[in-house]
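All remarks here apply to the structure that follows.
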Amino acid sequence: MKFGINTYLFSSPFTNESIRFFPKFKEWGFDFVEIAIEDPANIDPGVIRNALDENGLECRSVCAATGPGRDLRGNRKEQVVSMEYIKKLIDIAPILGSSLVAGPIYSAVGRAELVSEEEHHKQWLTVVKHLKTLCIDAEKQNVRLAIEPLNRYETDFINTCDQALNLLRDVDSESLYIHLDAFHMNLEEKDPALAILKAGKKLALLHASGSDRGTPGGDQINWERIFVALDKIDYQGDIVIESFTPDVKIIAKAASIWRKIEPSKESIAIDGLKFLKSLNL
């Protein structure tokens, strides 16, 4: 099991200049960086890869940013824009050294509304159709896609592991996996450990975030049970610290971070990594 840090904690949008954080990530003991690519035009993948290599780091996962306008179940334009964006991430990932593109790629984050069963079914079929196409593209690049359930305030579409498994069933592709997040599970799952057991071999990534979006371990989540569940499924994937502070303004607004939750973003990274490693013995 390897431990990574999501770049949202320190930089948004991620650009070529963001590589300045890499030496610190290595110094703190992270194995890899999960790069959140808001706009592919902001980076030269070759430059980023060289910086990773120079610092003895990997990019093991690319985090999709599906904000407004990127919506696989939206209007025709939003669907096209979203498909083009995700395809670019699939193309960029191998250059960065990653074989995983993860996140809530099925919908624009923040779209949450109560719709009729008929409308929901229509949206579901649209997302399934697009994911089938994307999975074919991913397979050609030896890249996996992992869909992330979000809490009810950020989406009405996929909130739980069970729903994600249903989507995987309908897409029916070996390239599609599940990405679980401790923060979202704490809000939506009856039992986060059970959700991990249900995901089983289809779990490709786990985001570690405190129940208040702060440091893993300094919160009310039962991390011990989560690690027992990971052990039971013989989890061979990665764990990424994804937390937020008011310092990164764009993400603070998107994630509703209105106050200082922890002393610093550095403390989240350092203390969180120390805690997670202490459980992985």
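Quick look at the numbers
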read-out: Percentage relative contact order, the range 2-279, counting C-alpha pairs under 8 Å, at least six apart; value: 17 percent
read-out: Most to least packed among 30-43, 175-188 [average Cβ atoms within 10 Å]; value: 175-188, 30-43
read-out: Fully extended contour minus Cα-Cα distance, from Thr15 to Lys122, at 0.36 nm per residue; value: 34.8 nm
read-out: Burial ranking of peptide ranges 75-86, 11-22, 110-121 (average Cβ count within 10 Å, highest at the top); value: 11-22, 75-86, 110-121
read-out: Contour excess over end-to-end distance, with Cα ends at Ala112 and Lys232 and 0.36 nm allotted per residue; value: 39.8 nm
read-out: Intensity falloff of the chain expressed as log10 I(q)/I(0), Debye formula with alpha-carbon point scatterers, at q = 0.11 Å⁻¹; value: -0.58
read-out: Ratio Rg/Rh [Cα only; Rh per Kirkwood] for the range 1-100; value: 1.00
read-out: Cα-centre dipole for the range 2-279 with unit charges at Cβ (Lys and Arg positive, Asp and Glu negative), debye to 20; value: 140 debye
read-out: Computed FRET value (nearest 0.05) for Ser267 with Val80, which takes r as the C-beta separation and R₀ as 41 Å; value: 0.45
read-out: Residues Asn166 and Lys201, FRET efficiency given R0 of 25 Å [Cβ-Cβ distance, rounded to 0.05]; value: 0.90
read-out: Cβ-defined net charge surrounding Ile178, 12 Å radius [Lys, Arg +1; Asp, Glu -1]; value: +2
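We did not get these values from a lab; they are worked out from the coordinates using the rules stated. From a predicted model like this one, the values you see are computed outputs, not experimental measurements. Cβ atoms come from the backbone with ideal geometry, glycine included; neighbour counts cover every protein chain shown.
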